[in-house]
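Please treat every number below as a calculation from the coordinates, not as lab data. Note that the structure is predicted; figures quoted are calculated from it, not measured. Note that we place each Cβ from the backbone using ideal geometry, even for glycine, and neighbour counts take in every protein chain shown.
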Amino acid sequence: MLPKDPHMLASFLNLKLRDFYPSLDALCEDLDADKEEILQKLKAEEYEYDPQRNQFV
């Protein structure tokens, strides 16, 4: 289950991306998460996914 709070979600995803997944697509597939929903939720808090860094900034 993913955190509901957007700041906690960004932190959680960045940790998982750093330690376990080569991309957001791989993370979403493994966790059965909706990529577009994550991107929209975090964009509302001014987080953007940077594929070069493989993290939300």
>> At a threshold of 8 angstrom on Cα-Cα distance, excluding pairs fewer than six apart, so keeping six or more, what relative contact order does the chain reach in percent?
In response: 36 percent
>> Need one number: nm distance between label points at Lys4 and Glu46, each 7 Å from Cα along Cα→Cβ, rounded to one decimal.
In response: 2.5 nm
>> I need the peptides 29-38, 8-17, 47-56 ranked by packing, meaning the mean over residues of other C-beta atoms within 10 angstrom, with the highest value on top.
In response: 8-17, 47-56, 29-38
> If eta is 1.567 mPa s and T is 4 °C, what Stokes-Einstein diffusion coefficient results for region 6-56, Kirkwood Rh from Cα pairs, in µm²/s?
Replying inline: 121 µm²/s
